[in-house]
Amino acid sequence: MFITINDNELYYEIHGNPDGETIFFIHGAPGLSDCRGDIKAFFTLGDTYRLVFMDMRGSGRSGGNPPFTHEQWTADIEEMRKTLVGGPIKILGGSYGGFLTLEYVLRYPENVTHVLLRDTSANSEFDHLSVDRALESNLPGITEEGIRRLFDGKVASNEELREMFTAIQPLYTVEFDAEAVQARLDSIYYRYETHNFAFRYNKPAFNLVPDLHKISVPTLVTVGRHDWITPVVCSELIAEKVPNSKLVIFENSGHSPQQEENEAYIKLVQGFLHTDSLMEKKL
């Protein structure tokens with residue numbers, strides 16, 4: 001379905017129990033990702049919850065009216081919440097979607113009851129670890145110039161974005177399935193302008209660490225042990241600074257434990273959402 005939000009057409013889908021409490025899912029990878037991956041990973045939560053998935057402004061099937069700022073993206077989420085729900089929501093964001101989830105709860109704290117973060121970060125302090133990991137992999141197609149253009153938001157075209165994203169695919173998972181990855185690469189809506197804005201203008205100044213102590217609602221922080229793009233240290237920092245948080249590391253996953261260890265991940269989320277508060281951190 002499509003809806004006009006803040007003068008931009010957004011694609012969204014609602015799944016699950018129409019009478020259940022609402023969970024919003026915020027995808028990552030601006031200009032590369034969309035809501036289809038989250039729908040596949042989390043649809044079983046629909047037995048209990050009402051699930052709202054959307055393609056963010058400038059990604060997937062949604063319109064691409066700028067700006068692609070964190071302020072605009074979180075304003076879009078808020079307008080969607082007011083339009084589709086009215087009351088407070090639970091929100092789950094992965095990777096770059098975790099950046100926006102953190103920004104959202106800090107901007108609109110009264111509208112969130114639970115925060116779920118997956119393989120994300122609260123600042124750009126550790127980006128150099130990802131660049132080093134990519135360069136040390138010796139994978140074909142990865143060059144220092146190419147990986148820095150990707151991280152600096154200086155990709156010249158959708159074709160170049162696809163070429164670079166293809167080269168780094170083996171870094172994302174513990175077990176690489178070439179056929180499945182190729183199918184996914186072929187299905188992507190490549191939007192290089194969105195990617196470039198996010199990485200050239202948003203990420204350099206991105207730092208929410210000083211404000212994380214303000215998040216008071218129950219917060220679940222998850223990460224794959226072998227995540228290369230938002231390594232474990234990023235999640236450890238979030239869990240250290242958010243008072244009412246729990247950190248869970250998935251030992252057999254890379255960047256997407258919700259896919260790589262789906263059954264265990266869904267069970268964890270279900271248990272967390274039944275908990276009103278977290279009395280202690282479990283590392």
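Here are some notes:
- Global geometry of the chain, whether rounded, prolate or oblate, following the gyration tensor of its Cα atoms and the 1.5 cut on a/c: rounded
- For the chain, the relative contact order comes to 19 percent (Cα pairs under 8 Å, sequence separation of at least 6).
- Residue-averaged [θ]222 nm for the chain, counting only DSSP H segments that reach four residues, each worth -39500 (n - 2.57): -10500 deg cm²/dmol
- Long pairs among Lys82/Lys214; Lys82/Lys154; Lys90/Lys154; Lys154/Lys246, criterion Cα-Cα beyond 32 Å: Lys82/Lys154; Lys90/Lys154; Lys154/Lys246
- Positive dipole terminus of the chain, leading residue within Ile77, Val181, Ala264 (C-beta point charges): Ile77
- Think of the chain as a dipole: +1 on every Lys or Arg Cβ, -1 on every Asp or Glu Cβ, centred on the Cα centre; then among Asn123, Phe2, Leu212, Leu212 lies furthest on the positive end.
- Across the stretch 35-89, Cα pairs under 8 Å and at least six residues apart give a relative contact order of 21 percent.
- Around Gly16: net Lys/Arg minus Asp/Glu count, Cβ-Cβ under 15 Å: -2
- Point-charge dipole on Cβ atoms (K/R +1, D/E -1) for the stretch 150-234, about Cα centre, debye to 20: 420 debye
- Accessible surface of the stretch 68-197 [probe 1.4 Å, protein heavy atoms]: carbon and sulfur percent: 48 percent
- The stretch 73-126 and the stretch 168-215 have Cα centres separated by 16 Å.
- Over the stretch 128-196, relative contact order from alpha-carbon pairs under 8 Å, at least 6 apart, %: 35 percent
- DSSP bridge orientation in the chain - percent antiparallel, rounded to nearest 5: 30 percent
- Karplus 3J(HN,Hα) series, Hz, for the stretch 270-275 with 6.51 cos²θ - 1.76 cosθ + 1.60 (x for Gly, Pro): 4, x, 4, 6, 8, 9
- Dimensionless Rg/Rh of the stretch 12-170 - Kirkwood Rh, Rg from C-alpha atoms: 1.00
- Overall form of the stretch 1-83 per C-alpha gyration tensor (a/c, 1.5; a/b vs b/c): prolate
- Residues whose placed amide H lies under 5 Å from that of Phe250, excluding near-sequence neighbours: Val223, Gly224, Arg225
The values are calculated or read from the model by the stated rules, or taken from the named source; none is laboratory data. Just so it is clear, the model here is predicted, and its values are computed rather than measured. With ideal geometry, Cβ positions are generated from the backbone for all residues, glycine too; neighbour counts draw on all protein chains shown. Note: areas computed on protein heavy atoms with side chains; ligands, DNA, RNA excluded. Shrake-Rupley method; radii C 1.70, N 1.55, O 1.52, S 1.80 Å.
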